[in-house]
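Colleague: One structure follows; several queries about it will come next.
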Ligand SMILES: [Zn+2]
């Protein structure tokens, strides 16, 4: 029966990616998915998360345009996440983070304010954290945004929800992993302005897995 959790996670990830894509390009939310290149509807079998991509060898069945490998990887990761994490609050955070990550990677803006109520779901994780530490961290983040312009305003709600969900140690691990990945990506791609939320999401996912099995 647990296989259904994998299918649920992979399908929700697939739907979230599709929603972010369509909202970003201001496309209609109804109707079947179609290929970006040839505008032909995608065969139902190719829409099955992870398997669809493998069955079609990562290409559109009609025009053979490549379909980015990130789609099956993200769907697989979310399938595994739903299989291993049984806290619905954590799963909700990761689905919303996926949406914000996609928006951020499209146009470096994100409606991450939707995350702002979520820290209240995890208040018990912050019970043992000193209020002085929290206020200092918030001031540090705020000035990082103002002074360096390296963090975007949209990153702050993401950092707040991750801090409350992961608690301090795993939060710092997630941020360090995200920074290393962002620096590596910037050097590799030569891209000066890189979306940070996708990297924070990957960092948080690895941190969450270590927390789960650690
Ligand atoms: Zn096509």
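Colleague: Would you kindly calculate the mean projected area, averaged across all directions, of the convex hull enclosing the Cα atoms of the range 87-214, in square nanometres?
Modeller: If you wrap the Cα atoms of the range 87-214 in a convex hull and average its projections, you get 7.7 nm².
Colleague: Suppose a student asked you for the relative contact order of the range 102-184, using Cα pairs under 8 Å spaced at least 6 residues apart; what percent would you report?
Modeller: Relative contact order for the range 102-184 comes out at 39 percent.
Colleague: Which ordering of 80, 165, 1, 55 is given by a fewest-first count of other beta-carbon atoms within 10 Å?
Modeller: Starting with the residue having the fewest Cβ neighbours, the order is 1, 55, 80, 165.
Colleague: Right, another one. Take residue 193 and residue 57, extend 7 Å from each Cα along the Cα→Cβ direction, and tell me the distance between the two endpoints in nm.
Modeller: Once both label points are built, they end up 4.0 nm from each other.
Colleague: Sort 75, 103, 124 so the one with the fewest other Cβ atoms within 10 Å of its own Cβ comes first. Spell out each step's value before the answer.
Modeller: Numbers: 75 25, 103 22, 124 9.
In increasing order of surrounding Cβ atoms, one gets 124, 103, 75.
Colleague: Considering Cα pairs under 8 angstrom that are at least six residues apart, work out the relative contact order of the range 1-118 and quote it in whole percent.
Modeller: Values: 122 pairs, mean separation 40.0, N = 118.
Once divided by the residue count of the range 1-118, the mean separation gives 34 percent.
Colleague: If one takes the longest principal axis of the Cα atoms in the chain, at what angle in degrees, from 0 to 90 and to the nearest 10, does the Cα axis of helix 70-84 lie?
Modeller: 60
Colleague: Further question on the same structure: Report the Rg/Rh value for the chain, based on alpha-carbon coordinates and the Kirkwood definition of Rh.
Modeller: 0.99
Colleague: Multiply the residue gap between residue 128 and residue 39 by 0.36 nm, knock off their C-alpha separation, and tell me the result in nm, one decimal place.
Modeller: 26.6 nm
Colleague: Another question, then. Given points 7 Å out from each Cα along the Cα-Cβ axis, report the residue 183 to residue 18 separation in nanometres with one decimal.
Modeller: Label at residue 183, label at residue 18, 4.0 nm between them.
Colleague: A follow-up question, please. Given the DSSP H assignment, sum -39500 (n - 2.57) over each helix run of at least 4 residues in the chain and divide by its residue total; what's the result at 222 nm in deg cm²/dmol, nearest 500? Please list the in-between numbers first.
Modeller: Values: 7 runs with 127 residues, N = 214.
The per-residue figure over the chain is -20000 deg cm²/dmol.
Colleague: Below 8 Å between Cα atoms, with a sequence gap of 6+, how large is the relative contact order for the chain in percent?
Modeller: 20
Colleague: While we're on this one: How many angstrom separate the Cα center of the range 179-211 from the Cα center of the range 1-34?
Modeller: 23
Colleague: Work out how much length residue 68 to residue 80 would gain on full extension: take 0.36 nm times their residue separation and subtract the Cα-Cα distance, in nm to one decimal.
Modeller: 2.3 nm
Colleague: So what's the gap between the Cα centers of the range 100-119 and the range 44-81, to the nearest angstrom?
Modeller: So the two Cα centres are separated by 24 Å.
Colleague: Could you work out, for the range 1-126, what percent of all Cα-Cα pairs fall into each 5 Å distance bin, beginning at 0 Å and stopping at the bin that holds the largest distance?
Modeller: Spelled out per bin, shortest first, that is 2, 10, 18, 20, 20, 15, 8, 4, 2, 1, 0.
Just so you know, all these numbers are worked out from the coordinates, no wet-lab data involved. Values in this document were obtained by computation on a predicted structure and should not be read as measured data. Cβ atoms come from the backbone with ideal geometry, glycine included; neighbour counts cover every protein chain shown.
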